[in-house]
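The structure appears right after this line, and notes come after that.
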Amino acid sequence: MALGAAGCKQAKTQSAPIKITYWHRMTGSYNTALQHEIKAFNRSQSKYRVVGVSQGSYDALQEKIMAAAKSKTLPVMAQAPYTNIGDYVKAGFLTSFDANMLHGDAKLTTKQRADLYPSFLSTGKYQGKYYGLPFSVSTSVLFYNQTLMKKYGIAMPHTWADIEAAGKKVQAAKLAAVALDQSYDVTLEGMAQQAGAKEITASGKVNLGQPAVIDAAAKLLALRKAGILTTAGSDGYFTTAFVNQKTLFAIGSSASIPVLEQQAPKSLAWGTATIPAYAGHTGTPLNGNENVLFKTASKAQQRGAWLFSKFLMQGKQTAYWAAKTGYVPVAKSGTASATYQAYLKQHPAYQAVVDAVPASFGSTVFPGYTDYRNDLMDTVDSTLTKHVSAKAAFTKLAKQTEQIIAAQ
């Protein structure tokens with residue numbers, strides 16, 4: 001009897017699903033939607049069981065990951081801003097998805113890979129390997145106040161020159177043409193890219209001190225000084241000025257659409273469009289996070305994490321996730337699906353989000369990005385609060401960034 005019981009216990013242990021711990025930062029309705037996706041994956045097979053744990057915020061998640069790395073208690077996988085990948089790889093935290101994604105019976109087929117938006121997939125590629133896979137991705141869009149545009153005879157702006165002209169028309173009414181978040185760094189990155197000067201190239205060349213970047217920063221600061229552009233206060237986001245109808249337009253992440261849907265009064269007629277062109281070109285920086293895989297996971301857990309990530313990138317799943325959260329479908333088939341097309345009819349503000357995808361791009365990933373980001377925020381703040389010139393501020397930032405990259 002004892003031997004039979006032991007054999008039964010061993011068989012039960014062997015048949016238990018492999019646990020895939022997944023740390024993320026989703027809360028509220030976002031967490032509800034993610035739990036739905038997790039349950040759907042767990043029901044779709046019996047070999048793996050994903051257990052999602054919300055850490056509450058990006059900052060809390062980052063702190064938890066760093067602490068877990070020290071105590072050797074990292075989960076199997078987690079969400080992370082794709083710009084963290086360089087630092088994580090240098091610290092030895094991550095392993096790439098390549099072993100399962102590019103090889104073996106569960107690899108991405110040519111058709112499946114072609115279904116993913118190229119700019120989304122490329123954000124997680126670092127040193128030739130896929131350390132991150134796209135999940136929660138957003139673009140930048142132009143928000144417009146239709147009522148104010150009609151009142152003052154303002155046409156839809158297609159360029160920054162149009163923004164400036166609109167601003168001059170409404171100055172007497174003490175209105176700004178466009179509102180940005182507290183920092184203009186994302187808008188500047190887009191303008192620099194449009195002007196043909198990626199702030200930091202994949203080869204590590206730093207263009208932050210080049211005329212194209214300095215001129216774009218100087219343009220933003222000049223518009224702000226003239227009252228044509230306004231930046232957010234301590235609340236951090238453009239939405240306050242926009243909801244209070246202090247501005248004709250605003251530029252921000254498409255993740256702000258749900259916020260406006262909740263905060264904007266029903267009397268406010270607003271919509272979205274693609275962001276204005278600068279230097280004759282369009283382009284929008286990508287925001288959001290990837291799913292990453294930790295090196296401490298077993299081979300079996302790594303395979304399970306890949307299968308879950310692959311599941312999340314399927315058209316049906318990405319359409320569901322986008323419709324529930326406001327992020328962009330990461331698969332073209334998700335965007336084209338009946339589910340998402342019906343969602344667009346009900347929520348037309350998201351059409352511009354999808355329209356922005358072809359011209360979207362990711363920031364360059366490199367070790368030291370967190371230090372660079374801190375310096376960038378200090379640089380922007382110095383131009384806004386201490387009135388340091390764009391040339392002086394960004395020339396200094398370029399030197400600091402070159403030092404960071406050289407030290408890696």
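The values are calculated or read from the model by the stated rules, or taken from the named source; none is laboratory data. None of the values given here were measured: they were computed from a predicted structure. Quick reminder, even Gly has a Cβ in these numbers, built from the backbone with ideal geometry, and neighbours come from all protein chains shown. When the accessible area is computed, the model is the full protein with side chains, heavy atoms only, and any ligands, DNA or RNA have been set aside. Shrake-Rupley method; radii C 1.70, N 1.55, O 1.52, S 1.80 Å.
Taken over segment 167-246, lysine pairs spaced eight or more positions apart, or on distinct chains, with alpha carbons under 29 Å apart number 14. In segment 18-122, a dipole from Cβ-located charges (positive for Lys and Arg, negative for Asp and Glu) runs towards its positive end, and of THR95, VAL50, TYR22 it is VAL50 whose Cα lies farthest in that direction.
In Å², what does the accessible area per residue of segment 267-408 work out to with a 1.4 Å probe? Present the calculation step by step, with values, prior to reporting the outcome.
Working: 5960 Å² over 142 residues.
Accessible area per residue, segment 267-408: 42 Å².
Across the accessible surface of segment 97-231, with the other protein chains kept in place and a 1.4 Å probe, carbon and sulfur atoms take up 52 percent.
Using only Cα atoms and rounding to the nearest 10 degrees, what angle (0 to 90) does helix 58-71 make with the longest principal axis of the chain? It works out to around 40 degrees.
Where does segment 27-144 land on Rg/Rh, using Cα atoms and the Kirkwood Rh?
Values: Rg = 15.9 Å, Rh = 16.4 Å.
Using Cα coordinates only, the ratio equals 0.97.
Relative contact order of the chain: what whole-number percent is it, with Cα pairs under 8 angstrom and at least 6 residues apart? Mind showing how you got there, number by number?
Values: 699 pairs, mean separation 101.4, N = 408.
After rounding, I find 25 percent.
Any idea how many Lys pairs in segment 330-408 come in under 24 angstrom at the alpha carbon, given 8 or more places apart or on separate chains? It would help to have the intermediate numbers written out before the result.
On the way: LYS332/LYS345; LYS386/LYS396; LYS386/LYS399; LYS391/LYS399.
For segment 330-408, the number of qualifying lysine pairs is 4.
Scaled to the globular estimate 2.2 N^0.38 Å, the Cα spread of segment 10-69, given as radius of gyration, is 1.34.
Seen from MET26, the other residues with C-beta closer than 12 Å to its C-beta sum to a net charge of +1, counting Lys and Arg as +1 and Asp and Glu as -1.
Two decimals is fine: what is log10 I(q)/I(0) at q = 0.17, 0.21 Å⁻¹ for segment 226-377, from a Debye sum with one equal scatterer on every Cα and no solvent? Once normalised to I(0) and log-transformed, intensities are -1.20, -1.41.
Projected label points at VAL388 and ALA60, each 7 Å from Cα along the beta carbon direction, are separated by 3.4 nanometres. The aspartates and glutamates whose alpha-carbon is closer than 15 Å to the alpha-carbon of LYS324, local same-chain residues fewer than 8 away aside, are GLU37, GLU261. Taking the C-alpha atoms only, the angle from helix 299-312 to the longest principal axis of the chain is near 50 degrees.
Phi-derived couplings, Karplus 6.51 cos²θ - 1.76 cosθ + 1.60 at θ = phi - 60°, listed residue by residue for segment 110-117: 4, 5, 5, 5, 5, 6, 7, 4 Hz, with x used for Gly and Pro.
Arrange the peptides 243-250, 266-273, 104-111, 31-38 so that the one whose residues have, on average, the most other Cβ atoms within 10 Å appears first.
Details: 243-250: 21.6, 266-273: 14.9, 104-111: 10.4, 31-38: 17.0.
For the peptides 243-250, 266-273, 104-111, 31-38, the packing ranking is 243-250, 31-38, 266-273, 104-111.
In the chain, the longest principal axis of the Cα atoms and the axis of helix 2-15 are about 30 degrees apart.
For a straight C-alpha distance cut-off of 16 angstrom, the lysines reachable from LYS19 (same-chain residues fewer than eight places away being disregarded) are LYS39, LYS47, LYS295, LYS299. Global dimensions of the chain from alpha-carbon coordinates: Rg and Dmax equal 23.0, 92 Å.
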